[in-house]
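Working notes, structure below.
The values are calculated or read from the model by the stated rules, or taken from the named source; none is laboratory data. All of these numbers come straight from a predicted model, not from anything done at the bench. Note: ideal-geometry Cβ built from the backbone for every residue, glycine included; neighbour counts use all protein chains shown.
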Amino acid sequence: MTVRVPGKKQVLLAYLERGVAMLHLDARRPGVTVPPEHRDEAHLRLNLSHRYGIPDLAIGDASVQATLSFGGRPFHCVLPWEAIFGITSHAGEGQVWPEDLPVEVSAHSEAALRPAESPPSPVFKVVEREPPASPQGGDSKPPEGSPKRHLRLVR
């Protein structure tokens, strides 16, 4: 049975419908426009949400464009889909596209996920993390010791 993997644009649009989406991207890739202090980052994380009221948020077929705030300063960003290797949601869902994953990020993630005595990690991996507190001020965290799914590698 073949599983159809949703495209990056579809995943981003779906996560934005539910709230905050975080783009995980390699800022060193061609066509990426971010502030100079972030241009050399292999794993830059940027939050997007319709609730943020970003007036120029444009999710196109070639890229995501938006004026985002960096340390309180606005900067117009251009993020080609090829530079985006993962998208996660505030609800703990996420997908990673291994073909776009930087080597530095891949090596770091695999080492962090696999105990020293384990064989190499499988194609599909899950990273566990605690979810953020609810924006309404309530505590949406699961009971202590029960991590929430964050990233899922897809092929």
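Observations on the structure shown:
- Selection from the stretch 57-87 of residues that are of a type in the set (D, E, K, R) and closer than 15 Å to Val32 by Cβ: Glu82
- Of the residues making up the stretch 43-75, those that are under 11 Å from the mean Cα position of the chain (by Cα), assigned to a strand (DSSP E or B) and either among the polar types (S, T, N, Q) or surrounded by 13 or more Cβ atoms within 10 Å (Cβ to Cβ) (or both) number 4.
- Taken as a whole, the structure leaves Arg4 outside the set of residues that are farther than 13 Å from Trp81 by Cα, of a type outside the set (Phe, Trp, Tyr), in a helix (DSSP H, G or I) and modelled with pLDDT under 95.
- Residue in the stretch 22-29 that is in a helix (DSSP H, G or I), in contact with a strand residue (DSSP E or B) (Cβ under 9 Å, 6 or more places away or on another chain), surrounded by 16 or more Cβ atoms within 10 Å (Cβ to Cβ) and among the hydrophobic types (A, V, I, L, M, F, W, C) present: no
- Total residues in the stretch 30-42, condition without any contact (Cβ under 8 Å) to a residue 40 or more places away in the chain and surrounded by fewer than 12 Cβ atoms within 10 Å (Cβ to Cβ): 3
- Residue, farthest from Trp97 (Cα to Cα), within the stretch 61-72, restricted to residues that are in contact (Cβ under 8 Å) with a residue 24 or more places away in the chain and not polar (S, T, N, Q): Phe70
- Selection from the stretch 76-95 of residues that are over 23 Å from Pro55 (Cβ atoms), modelled with pLDDT under 95 and not in a strand (DSSP E or B): Ala91, Gly92, Glu93
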